[in-house]
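Enquirer: Structure in structure tokens, see below.
The values are calculated or read from the model by the stated rules, or taken from the named source; none is laboratory data. Not measured: the values here are computed from a predicted model. As a convention, Cβ positions derive from the backbone with ideal geometry for all residues, glycine included, and neighbour counts pool all protein chains shown. Each accessible area value is taken on the protein alone, full model and side chains, heavy atoms only, with ligands, DNA and RNA left out. Shrake-Rupley method; radii C 1.70, N 1.55, O 1.52, S 1.80 Å.
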Amino acid sequence: MFHIFQYQPLRLITQNSLSSMCLKLMLSRPVAFAQIWKSWFSSHSLLGKKNIILMGPPGAGKTTTGRIVGQKLDCPVIDIDDDVLETTWNMSVSEKLQDVGYEEFLEEEGKALLKFSASGSVISLSGSNPMHAAGMQHIKKNGIVVYLDVPTTVIMRRLKSKQMDRIVGLSPGISLKDILQFRKQFYKRWFDIRVLCGGDVAAEVVAEKVLDAVKRYQDSELETFISTRSSHTARSTEEDSHKLYFSDVVIQGLALDGGLFVPERGLPKFTAEEWQGLIEATYIERAQVILEKCIHPADIPASKLAEIIETAYGENFSCSKVAPVRHLAGNQFLLELFHGPTASFKDFALQLMPHLFAYCIPRSCNYLILVATSGDTGSAVLDGFSRLHDADKQRIALVNFFPEDGVSPIQKSQMIGCQKENAWSVGVKSDFDFCQTAIKQIFTNSDFTGFLTVEYGTALAAANSINWARLLPQIVYHASAYLDLIHQGIISFGSPVDICIPTGNFGNMLAAFYAKMMGIPIRKCICASNENNVLTEFIRTGVYDLRGRKLISSFSPAVDILKSSNLERYLHLIGNEDGQLVTQLFNQLENQGHFQLRKDLLGKLQQDLVAGWCSDEDCLAAIHSVYSTTGYILDTHTAVAKVVADRLQDRTCPIIISSTAHYSKFAPAILRALRIAEINQNPLSQLHLLSSYSALPPIHWGLLETLKKTGNGDHQVCAADISVLMSHIETLIQNHFMKVF
């Protein structure tokens, strides 16, 4: 960075010599001088009086990295082991450890840290410093803690090669791996920034990563969001006060111009080494790393985000792997996304999103969440928001609109049974497309939303996949599935895979594409539709045509959708973020019922996506065939994807089929596929019959418990009229928030 001063250390340059050198350079090369001065000023303003505190396990490279970072910033470098502990004790760290033993050593180390103070420095902690709470609280007050996250296998290899003998806690009967795993909980407690250091990354590279991470931490201005319908001109003239950040878009849900929010600078990219460093990680650990990169700490600090992720996925999923990958047959693998409390992939977002939302909203306002569902979202969002803390439930309520006759009996039982004191389900005498369109129109009705704010102190928010916080968690399981195939020895990193997803609203498919953009080697994304195959025809022809189309009720109701909302985000992306183009296309769809992509955009789309569809008959036949040959029962949506995968895959690489729901939710169709002649209409009886098959996977625990406890219960039903929906919303606000306050 400071190559013009390479012949003498920066600390030795006097003010006069620096001034003289700068003057000569300014006169001879003014452009170069301006660039270097900007770089120098940026580096010094980066640190100020704060310390950069490097933390990590022994062997993470803290000392070497610290020296390089200090040199780049021209600031003091302090190594706690060498410069503090050994100076204080007047003996080596290993001698002290041998002298006093493990527990006393930690206490003595903590006391030394409590007496230490510095500012504007780069500090390299010892590997055991984070285990002393008081010492870390003291040093963290004036610093930014950077966690050098190195895979355990790499650390063990490094320590073995260095023959290090001063690992605190190492003793007969306790392995080095156990010590490293135990310490992770302390590192995760204290860090502000995580820097991934996979493989044999050079210290120079790690130092640059540290500087980049600190810059990001101190500048949230770079991570703003825009609407898919905003023009480049509008963005360039927008004032800073109008910038929107992650917390803003979580609350707002839908842009005021009717578009969907997307990150202005796109999603972060991971290097191959960074992805490979996550192969041994758990699902929760992968989620933390990926989401930390996507959510700025100014919106949600890393420690709080970790707490939210642990709450979402720690105990609420029946499988310890959260989203396991199971071999089905040949080169086909199932990504099981149904182990959450309501038995569908929607749980991955909706166990997390309510806590993100509760953290981001201001304390001075009430919020009513509006949801439209084609089936699985309803119970998932009701369950997710019901798990909030009681104080949050008092200021956050939810109403779920679903097509009264457009979901399976068990799905309806779930949605009705999951109603809580702050969450209700309302059946609408129409289809999902009406429910979704109505919610969009309500959000953009400024008179109505303004009235609710003034009259009741209540704002509206969305929890459908149009909300960015719903989409973001779905990226994690697509990345995790690829890493699991590596962990199982099926592929090595860099080998391509195809993804096949039953697709209606395009959110799950878009999340897979985002994972690809972030560095996961996905070759083709295969969209699988049922007989409501508008999306399939669009991908094949570039023509999105709703004219004369009526929604067909199928055995896979979650993809009984004609208007795919998240398609707008994808078209914005391949259209070079041309908001005017997106506005034109979707206005035409709204007003004329169709639009056609330009030929160049269709070419881009078909490089990423392929599509197919299957009939109900083919869906049931696939369920029967797979069960007969493997003993595994697919749900109706996964069966749609299986049929399409069989038709479109070229078998040159593995294909991961997203199993988006548990078959228990669609018991009548499953029993029919298994050729059961007489089917009891009681949902609980249907599940008991299915359980007698002892199939894989077993009957879903959460679904069975919900049906046992609640039965059908009561719910409201309303006409397909937006004014009627708005009246319901106002009444629910009056009954909940006015009663609470």
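Enquirer: With +1 assigned to the C-beta of every Lys and Arg and -1 to the C-beta of every Asp and Glu, and no other charges, what is the dipole magnitude of segment 45-219 about the Cα centre in debye, to the nearest 20?
Expert: Charge dipole of segment 45-219: 640 debye, to the nearest 20.
Enquirer: Which ³J(HN,Hα) values, rounded to whole Hz and listed in residue order, are derived for segment 592-604 from phi using the Karplus coefficients 6.51, -1.76 and 1.60 in 6.51 cos²θ - 1.76 cosθ + 1.60 with θ = phi - 60°, glycine and proline given as x?
Expert: Computed from phi, the couplings for segment 592-604 are 10, x, 6, 7, 10, 6, 4, 4, 5, 6, 4, x, 4 Hz.
Enquirer: For E421 and M156, what is the calculated FRET efficiency with R₀ set at 56 Å and r taken between the beta-carbons, to the nearest 0.05?
Expert: Working: r = 51 Å, r/R0 = 0.91.
That gives a FRET efficiency of 0.65.
Enquirer: Can you list residues whose amide H is under 5 Å from L328's amide H, if they're 5+ apart or on another chain and H is modeled 1.01 Å from N?
Expert: Those lying under 5 Å, H to H, from L328 are F333, L334.
Enquirer: Counting only residues 5 or more places away or on other chains, whose amide H sits under 5 Å from the amide H of S121 once H atoms are built in the peptide plane?
Expert: Excluding prolines and chain starts, which carry no amide H, the hits are N51, I52.
Enquirer: I'd like the FRET efficiency for N142 and K111, computed as 1/(1 + (r/R0)^6) with the beta carbon distance as r and R0 of 22 Å, rounded to 0.05.
Expert: Once the sixth-power term is evaluated, E becomes 0.75.
Enquirer: Given H placed 1.01 Å from N in the peptide plane, which residues other than close sequence neighbours of L398 have an amide H under 5 Å from its amide H?
Expert: Amide H to amide H, under 5 Å and 5 or more residues apart or across chains, L398 pairs with I369, A423, W424.
Enquirer: May I pose another question? Taking the alpha-carbon centroid of each part, what is the distance from segment 182-215 to segment 335-370 in angstrom?
Expert: The distance from the Cα centre of segment 182-215 to that of segment 335-370 comes to 29 Å.
Enquirer: Take the Cα coordinates of segment 474-620, assign each an equal point scatterer, and use the Debye formula without solvent to give log10 I(q)/I(0) at q = 0.13, 0.14, 0.18 Å⁻¹.
Expert: The Debye formula, applied to the Cα set alone, gives -0.61, -0.70, -1.08.
Enquirer: Would you list, by chain and number, the aspartates and glutamates whose Cα falls below 15 Å from the Cα of K49, excluding same-chain residues fewer than 8 positions away?
Expert: D74
Enquirer: Same structure again: Can you give me the % of accessible surface on the chain that is carbon or sulfur? Probe 1.4 Å, all protein chains present, nothing else counted. Could the numbers behind the result be given before it?
Expert: Details: 15290 of 30020 Å².
Taking all protein chains in place, the chain shows 51 percent carbon and sulfur surface.
Enquirer: For the chain, take the longest principal axis of its alpha carbons; what is the angle in degrees between that and the long axis of helix 30-47, to the nearest 10 within 0 to 90?
Expert: The helix 30-47 is inclined about 80 degrees to the chain.
Enquirer: For the chain, take the longest principal axis of its alpha carbons; what is the angle in degrees between that and the long axis of helix 701-710, to the nearest 10 within 0 to 90?
Expert: 50
Enquirer: Between S727 and N680, what is the spin-label point distance in nm, taking each point 7 Å from the Cα along the Cα→C-beta axis?
Expert: Taking the simple label geometry, S727 and N680 are separated by 4.1 nm.
Enquirer: Let me ask something else about it. At q = 0.08, 0.09, 0.11 Å⁻¹, what log₁₀ I(q)/I(0) does segment 45-219 have when each alpha carbon counts as one equal point scatterer in the Debye sum?
Expert: The Debye formula, applied to the Cα set alone, gives -0.22, -0.28, -0.42.
Enquirer: Further, regarding this structure: Counting only heavy atoms of protein chains, what accessible area per residue, in Å², does segment 231-343 have with a probe of 1.4 Å?
Expert: 40
Enquirer: Next question, about the same structure. Length gain on complete extension for the stretch T453 to A391, per 0.36 nm per residue less the alpha carbon to alpha carbon distance?
Expert: Going from the current span to full extension adds 20.3 nm.
Enquirer: Of the peptides 77-84, 678-685, how do they stack up when ordered by the mean number of other Cβ atoms within 10 Å, highest first?
Expert: Output ranking for 77-84, 678-685: 77-84, 678-685.
Enquirer: With a 1.4 Å probe and every protein chain left in place, work out the accessible area per residue of segment 590-669 in Å², rounded to a whole number.
Expert: 37
Enquirer: Now for a separate question. Using the Karplus curve 6.51 cos²θ - 1.76 cosθ + 1.60 with θ = phi - 60°, what ³J(HN,Hα) values do you get for each residue of segment 78-93, in whole Hz, with x for Gly and Pro?
Expert: 10, 9, 4, 4, 7, 8, 10, 5, 5, 5, 5, 8, 6, 7, 6, 4
Enquirer: Helix 283-294 against the longest principal axis of the chain: what's the angle in degrees, Cα atoms only, rounded to the nearest 10?
Expert: 80
Enquirer: Next question. Counting only DSSP beta bridges with both residues in the chain, what percent are antiparallel, rounded to the nearest 5?
Expert: The antiparallel fraction comes to roughly 20 percent.
Enquirer: Which value, in Å², gives the accessible area per residue of segment 45-219 when a 1.4 Å probe is used on the protein heavy atoms?
Expert: 45
Enquirer: Find how much the distance from N445 to V100 grows on full extension, using 0.36 nm per residue of separation minus their present alpha carbon separation; answer in nm with one decimal.
Expert: Contour length minus the Cα-Cα distance gives 117.2 nm.
Enquirer: Right, another one. Using the beta-carbon distance between D248 and K599 and R0 = 35 Å, what value does 1/(1 + (r/R0)^6) give for FRET efficiency, to the nearest 0.05?
Expert: On the way: r = 37 Å, r/R0 = 1.05.
After rounding to 0.05, the efficiency reads 0.45.
Enquirer: Same structure, new question: Using 0.36 nm times the number of residues separating D545 and L256, minus their current alpha carbon distance, what extension gain do you get?
Expert: 101.5 nm
Enquirer: Residue by residue, what Karplus-based ³J(HN,Hα) values in Hz, rounded to whole numbers, does segment 198-213 have, using 6.51, -1.76 and 1.60 with θ = phi - 60° and x for Gly and Pro?
Expert: x, x, 9, 6, 5, 4, 4, 5, 4, 4, 5, 4, 4, 4, 4, 5
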